[in-house]
1. Which one of these does residue 61 not meet: (1) on the phi > 0 side of the Ramachandran plot; (2) open to solvent by 60 Å² or more (accessible area, probe 1.4 Å)?
2. Hey, among 175, 160, 150, which residue is crowded, with 23+ Cβ neighbours inside 10 Å and touching a strand residue (DSSP E or B) at 6+ places or on another chain (Cβ under 9 Å)?
3. For segment 214-263, which positions are among the aromatic types (Phe, Trp, Tyr) and more than 21 Å from the chain's Cα centre (by Cα)?
4. Do any residues in segment 74-102 that are more than 19 Å from residue 124 (Cβ to Cβ) and assigned to a strand (DSSP E or B) have Cβ atoms under 9 Å from those of residues that are open to solvent by 50 Å² or more (accessible area, probe 1.4 Å) and modelled with pLDDT under 95, where the two are at least six apart or on different chains, and which pairs are they?
5. Can you pull out the residues in segment 203-241 that are modelled with pLDDT of 85 or more and out of contact with any strand residue (DSSP E or B) (no Cβ under 8 Å at 6 or more places or on another chain)?
6. Can you tell me how many residues in segment 87-98 are more than 15 Å from the chain's Cα centre (by Cα) and closer than 21 Å to residue 173 by Cβ?
7. Can you list the strands (runs of 3 or more DSSP E) lying wholly within segment 222-281 that have 1 or more residues being within 21 Å of residue 105 (Cβ to Cβ)?
8. Between a residue in segment 231-255 that is more than 17 Å from residue 45 (Cβ to Cβ) and open to solvent by 40 Å² or more (accessible area, probe 1.4 Å) and any residue that is at pLDDT below 85 and outside any strand (DSSP E or B), which pairs come within a Cβ distance under 6 Å, given they are 6 or more apart or on different chains?
Amino acid sequence: MKRVIPNLTALLLLVVLGGCSSAPSGRYAVEKDYGPSNRVDVSHVPDAVPRVEPKSSGGNKSPYSVLGKTYHVMASSRGYKERGVASWYGKKFHGHKTSNGETYNMYGMSAAHKSLPLPSYVQVTNLSNGKRVIVRVNDRGPFHGGRIIDLSYAAASKLDMLGGGTAHVEVEAIDPASWSTSSAAIVADSVKTTAPPQPSASIVGKRYLQVGAFGLQTTAMEAKQQLLQMLPGYQVRIVPLNLPDRTLYRVQVGPVQLNANLAALVSKIEAAGYLRPHLVD
């Protein structure tokens, strides 16, 4: 009985935490993590798009303990910025629940962090090559090796860190409220300065599905061409978002109507690998 009790305690702890990307657990089919057998091209996968969300009902308990260490969840991600070692997690956890109850998709732009509230949005910069991604934090970890963040396979691939397994990075939190405000202002300004004169009623009520935000204009153009071939009859536009340190190229499909056809359109776009398309004016 003395051996059984600690094992039950560990099992209950892992159930409470949910994902725990870097915590060992017998619920996975393999002991060691690994990526796809063949390198998967994820260049078309868009960065996560920050949006205001309530805190998840799961994964935000504070404090919590893993492997004998206690961690405290931040009240807010605002102002968070840290440099350290990033790792990534893949097929071992693919399809399993994350700490906040969602399903881990290694081809999505997500991450695990020990103390940021779930969900949070962060920009991760690979300090060795300057490449950057925006990911949505929805999991807990990594819990060993002095690492500060665990990235999805797709995010790690876009940062060019799969080969080494880890990378020195800078992680900076994004305030979704400020992000949304600046995006709306830039889009409005773009319409005012670039659109040809036309009756105001012609643009009222037109909505688009944003399918991705890309750091490279060439990648955005490739996505646009793919979507034009896949969705005949729809317009596909690229709307630049000028940030203080870079430009994001947002790819949008439309105009769309709020009817049953919208759900089918979203499903078709997601099936092509574009995660979380959302409506914009």
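1. Of (1) on the phi > 0 side of the Ramachandran plot; (2) open to solvent by 60 Å² or more (accessible area, probe 1.4 Å), only one is false for residue 61: (1).
2. Values: 175 fails: crowded, with 23+ Cβ neighbours inside 10 Å; 160 fails: crowded, with 23+ Cβ neighbours inside 10 Å.
Criteria check complete, one pass: 150.
3. Keep residues of segment 214-263 that are among the aromatic types (Phe, Trp, Tyr), which gives 214, 234, 249.
Of everything in segment 214-263, just one residue is among the aromatic types (Phe, Trp, Tyr) and more than 21 Å from the chain's Cα centre (by Cα), namely 234.
4. Here the result reads 97/103, each pair linking segment 74-102 to a residue that is open to solvent by 50 Å² or more (accessible area, probe 1.4 Å) and modelled with pLDDT under 95.
5. If the condition is that a residue be modelled with pLDDT of 85 or more and out of contact with any strand residue (DSSP E or B) (no Cβ under 8 Å at 6 or more places or on another chain), then 218, 222, 225, 226, 229, 230, 232, 233 are the ones that fit.
6. Result for segment 87-98: 1.
7. On the way: elements: 235-242, 247-256, 278-280.
The strands (runs of 3 or more DSSP E) meeting that bar are 247-256, 278-280.
8. From segment 231-255, the pairs are 255/206.
The values are calculated or read from the model by the stated rules, or taken from the named source; none is laboratory data. Remember, predicted model here, so these are calculated numbers, not experimental data. Neighbour counts run over all protein chains shown; Cβ positions are idealised from the backbone, glycine included. Note: accessible area is taken over every heavy atom of the protein model, side chains too, but ligands, DNA and RNA are not part of it. Shrake-Rupley method; radii C 1.70, N 1.55, O 1.52, S 1.80 Å.
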